[in-house]
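Right, one structure below, let's go through it.
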Amino acid sequence: MPRRFSAMLLALLVPPLTTAHAREAKEYDSDVVYDENKIPHYDLPPLLVTAEGEQITTPEAWHQVRRPQILSLFSNLVYGRVPQPASPIRTTYEVVNTDEEFMQGKATRKDVRIRFRNEQGEAEMLILVFVPNGVERPVPVFMKHSFNNTRSDDFTAHPDRPGYIRNGWPLGEFFDRGYAFVAVYQQDLVRHNEVSFDRGIHPLFHPSGQSFPKAHEWGVLSTVAWGGMRALDYLGTDDDVDEARVAIMGHSKMGKAALWTAAQDQRFALAVSAQSGCAGAALWRRRSGETLEKMVTRFPYWLCRNAWKFVNQEDDLPVDQHMLLALIAPRPVYVASGVEDTWADPRGEYLSAYHASEVYRLLGKQGLNSEESPPAGDAQLEDEVGYHVREGGHSVELYDWQRFLDFADRHLRD
Ligand code: GCU
């Protein structure tokens, strides 16, 4: 790591948390703001005014001028840009295992190896594709950026509904509604909090001699997002699934990755953020719950190094996270929060979705019209920007999954 960044990091450093959980973070950090009355005044960067000060008034101007500007700002200043590979990458797909009797014959499970090779090295992902049996194919898909290792078969059946909840994935719910489920493992290409050029996907992208990403180059979340796009490339070759109806979903760190994946790659038809919080759906400028400083202190490699420069300077960021959601427009986006998940700033997640709705309206869609957050348990599913906050904390519950599926039923079905 360059010396000036290690110095900066040291200056920011607090003793590390043992687990990533909000409650512990809250207990540890007495300076974290949770009180709505203590949110600083802020002005969000305008969605519909270009860098040159021109007002955007048409869908064409959004797509041709403003959207690319915002995308480039997120790439270069927040998540980091994927560099050109050092030499062309050859990708191969191999279905290494097929089980047509998965879950008592409800679905077919395919374990698919995706291999990347170039002159610099090789890396691979193992994705799991579960396709419901007995329904007309190709079927729509939910892809999850997953914390669970796809190489582990440590599936635990839900005690009340055998075979329903597996590995945190309510597979039965998906099959009953005619969706395929695809799991992409977050640590196939990059470690949880490390961008090391001698490991994972990075050797294929960087000329030997470079040992650390440049300030604008990909952090962990950008690398995970790249993997999601490559999994979608595979789905394009699989006749069982409809590549034009693929939703991308993730929780927490993976919710951040899911939004960034969908923002960049317009082939994803729908995006779901579950409690993505800081660097996900929540607004930076509110500095409520987890802040940029907290994030880069604990997880310095999730974002690109340019993002470090905005620690405690959030008002200087030319973007805020409502703009990330707006990059997904006009495709449906759903944001889910938890009342007690205050580390992820539920109010900031809602406001982001509310403000992004301006772009959805410009593009002839509907979004959230009220600045007030809805009461807990009142899911907004009708329009292209969906939202719910439910009682409880940092997790994905059956209630959440069912709302995501309701939202997908409404927007992906036909
Ligand atoms: C930590 C981190 C969050 C993240 C979460 C998770 O709490 O601060 O930003 O969302 O871990 O991924 O579970």
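Pairing each residue of region 125-145 that is among the basic types (Lys, Arg) with any residue that is surrounded by fewer than 21 Cβ atoms within 10 Å (Cβ to Cβ) and at pLDDT 95 or above, provided the two are 6+ apart or on different chains, yields C-beta distances under 6 Å for ARG137/ASP240.
Rundown of residues vs (1) surrounded by 21 or more Cβ atoms within 10 Å (Cβ to Cβ); (2) under 18 Å from GLY348 (Cβ atoms); (3) in contact with a His (Cβ under 7 Å, 6 or more places away or on another chain); (4) modelled with pLDDT under 95, yes/no style:
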residue	(1), (2), (3), (4)
GLU293	no, yes, no, no
ASN306	no, no, yes, no
LYS309	no, no, no, no
GLU314	no, yes, no, no
LEU317	no, yes, no, no
ASP320	yes, yes, no, no
LEU324	yes, yes, no, no
LEU327	yes, yes, no, no
PRO332	yes, no, yes, no
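The sole residue among ALA183, ALA274 that is away from the ligand (no atom under 16 Å from the Cβ), small (Gly, Ala, Ser) and either over 22 Å from ASN118 (Cα atoms) or touching a strand residue (DSSP E or B) at 6+ places or on another chain (Cβ under 6 Å) (or both) is ALA183.
Looking only at region 369-382, count every residue that is out of contact with any Lys or Arg (no Cβ under 7 Å at 6 or more places or on another chain) and assigned to a loop (DSSP other than H, G, I, E, B) and tell me the total.
We begin by selecting, within region 369-382, every residue out of contact with any Lys or Arg (no Cβ under 7 Å at 6 or more places or on another chain); these are 369-372, 374-375, 378, 380, 382.
Retained after the next criterion (residues that are assigned to a loop (DSSP other than H, G, I, E, B)): 369-372, 374-375, 378, 382.
Residues meeting the conditions: 8.
Going through ALA257, ALA225 one at a time, which residue ends up being touching a Phe, Trp or Tyr at 6+ places or on another chain (Cβ under 7 Å) and within 29 Å of VAL131 (Cα to Cα)? Just one listed residue meets the conditions, ALA225.
State all residues of region 311-356 that are β-branched (Val, Ile, Thr), in a loop (DSSP other than H, G, I, E, B) and closer than 20 Å to THR297 by Cα; if no residue qualifies, say none. Let's see the steps before the verdict.
Within region 311-356, the first condition is being β-branched (Val, Ile, Thr), and the residues that meet it are 311, 319, 328, 333, 335, 339, 342.
Keeping just the survivors that are in a loop (DSSP other than H, G, I, E, B) gives 311, 319, 328, 339.
VAL311 - this is the single residue of region 311-356 that is β-branched (Val, Ile, Thr), in a loop (DSSP other than H, G, I, E, B) and closer than 20 Å to THR297 by Cα.
Residues are listed down the side, and each one gets a yes or a no for (1) in a loop (DSSP other than H, G, I, E, B); (2) within 11 Å of the ligand (Cβ to nearest atom):
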residue: GLU243; (1), (2): no, no
residue: GLY250; (1), (2): no, yes
residue: GLY255; (1), (2): no, yes
residue: TRP260; (1), (2): no, no
residue: ALA263; (1), (2): no, no
residue: GLN266; (1), (2): yes, no
residue: CYS278; (1), (2): yes, yes
residue: ALA282; (1), (2): yes, yes
residue: ARG285; (1), (2): no, no
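If you go through region 287-308 and keep only what is within 12 Å of the ligand (Cβ to nearest atom), under 15 Å from GLN321 (Cβ atoms) and of a type in the set (A, V, I, L, M), you end up with LEU292, MET295, LEU303. Assessment of region 100-107 against the conditions (at pLDDT 95 or above and of a type outside the set (A, V, I, L, M, F, W, C)) yields at least one matching residue. Among the residues of region 228-241, just one is small (Gly, Ala, Ser) and closer than 18 Å to PRO132 by Cα, namely GLY236.
Okay, residues lined up against (1) more than 19 Å from TYR34 (Cα to Cα); (2) away from the ligand (no atom under 16 Å from the Cβ):
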| site | (1), (2) |
| --- | --- |
| ASP345 | no, no |
| ALA353 | yes, yes |
| LYS365 | yes, yes |
| SER370 | yes, yes |
| SER373 | no, yes |
| ASP383 | yes, yes |
| GLY386 | yes, yes |
| GLU391 | no, yes |
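Against the condition crowded, with 19+ Cβ neighbours inside 10 Å and within 13 Å of the ligand (Cβ to nearest atom), how does SER395 come out, does it pass? Give the derivation first.
Details: crowded, with 19+ Cβ neighbours inside 10 Å: no; within 13 Å of the ligand (Cβ to nearest atom): yes.
No: the conditions fail for SER395.
The values are calculated or read from the model by the stated rules, or taken from the named source; none is laboratory data. The shown structure was predicted, so the numbers you read here are calculated from the model rather than taken from an experiment. FYI the Cβ positions are ideal-geometry reconstructions off the backbone, even for glycines, and counts take in every protein chain you see.
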